[in-house]
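Reviewing the structure listed below.
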Amino acid sequence: MNEIFARLIMKKWDFVVSKKKVPTKYRNFLWKVLLDVIPIYIDSHKFIISQRKAEFQDLQKALKVTKILDDYTKPHLMLLTMWLLRTRRAKLDMNTQLEVPLHRAMNRLAETLWHIVDIDSYEEKLVDTYWILCGLLDQVQKFHKEISRLQECTYTLLEREDPELYKHLIKIEALYNIPYDIWFSSCFAGTISNGSIAKIWDKIAVGAYRTLIFVTVVILTTLRRLLLRCENIDGILDTIANITEETSEVIVNKAIESWQQSGSTLTTIS
């Protein structure tokens, strides 16, 4: 058995703090284990997968019968709506429901996830992506009530890491107007490139959501030269909206390294 699988089965936290890169071809399987979509016991996989598929089909059918969805609905939107139904949040007017900031952020996460899950079979991809999405969104739900605390920790860490940038962002009234809620609730979907974001979600999959603090601070400090030239929040957001794939990779690797050096903790930033 692959070494990383063995460590994962022995103790999930070992995987979280591990500095080893997760092989892309194993990521879907690892996420399903970490998010409790399938058990660690291989003998049970066939039965559990059949049950997951049956529930997926029931939810999909219910949404089509009620005409909330149709054959033209985009896959990621369908999967998000299915999660809303499963968690008893779905409403007939989906357009209005998706205007809620939290659901808008979740929609960004769902769309990014759809693009990064690599499975040839369309039907199999739908089922796997749906259940991985459910696990990630359940994690978002768990830490969403602590987003204000995450923001406070972000301010503290940024002031410590880069006092000059911190003071500049306060001076132009940008620090407190950055869309932290969207960033955290989407786990940086749409901000960090699809090619790098999976490394962040490896940590989110087991509840290590404090990693998001370090990603935020590293985004700001990595772009500091450009941000120091900005004179308002619009300039800040425009700069951050144009992060390249290469820069995304640098940001993610540095953020994870900083988080690991801090003690890889879930509860504090120091």
From 192, 182, 197, 178, which residue is more than 12 Å from the chain's Cα centre (by Cα) and either β-branched (Val, Ile, Thr) or farther than 26 Å from residue 142 by Cβ (or both)? 178
Looking only at segment 138-172, count how many residues are open to solvent by 60 Å² or more (accessible area, probe 1.4 Å) and either of a type in the set (A, V, I, L, M) or under 15 Å from residue 228 (Cβ atoms) (or both). 6
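Let me confirm something: among 181, 234, which residue is open to solvent by 30 Å² or more (accessible area, probe 1.4 Å) and under 23 Å from residue 113 (Cα atoms)? Even if it seems obvious, please write down each step before you answer.
Numbers: 234 fails: under 23 Å from residue 113 (Cα atoms).
Residue meeting the stated conditions: 181.
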Selection count, segment 7-57, where residues are at pLDDT below 85, open to solvent by less than 100 Å² (accessible area, probe 1.4 Å), more than 19 Å from residue 139 (Cβ to Cβ) and not aromatic (Phe, Trp, Tyr): 3
When (1) open to solvent by 80 Å² or more (accessible area, probe 1.4 Å); (2) in contact with an Asp or Glu (Cβ under 8 Å, 6 or more places away or on another chain) are applied to residue 101, the one that fails is (1)
Evaluation of residue 74 against (1) farther than 13 Å from residue 137 by Cβ; (2) surrounded by 15 or more Cβ atoms within 10 Å (Cβ to Cβ) (one fails), failing number: (2)
Any chance you could count how many residues in segment 127-183 are farther than 27 Å from residue 77 by Cα and either part of a helix (DSSP H, G or I) or not aliphatic (A, V, I, L, M) (or both)? 28
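The values are calculated or read from the model by the stated rules, or taken from the named source; none is laboratory data. Remember, it's a predicted structure, so these values are computed and weren't measured experimentally. With ideal geometry, Cβ positions are generated from the backbone for all residues, glycine too; neighbour counts draw on all protein chains shown. Accessible surface areas use protein heavy atoms only, side chains included; no ligands, DNA or RNA. Shrake-Rupley method; radii C 1.70, N 1.55, O 1.52, S 1.80 Å.
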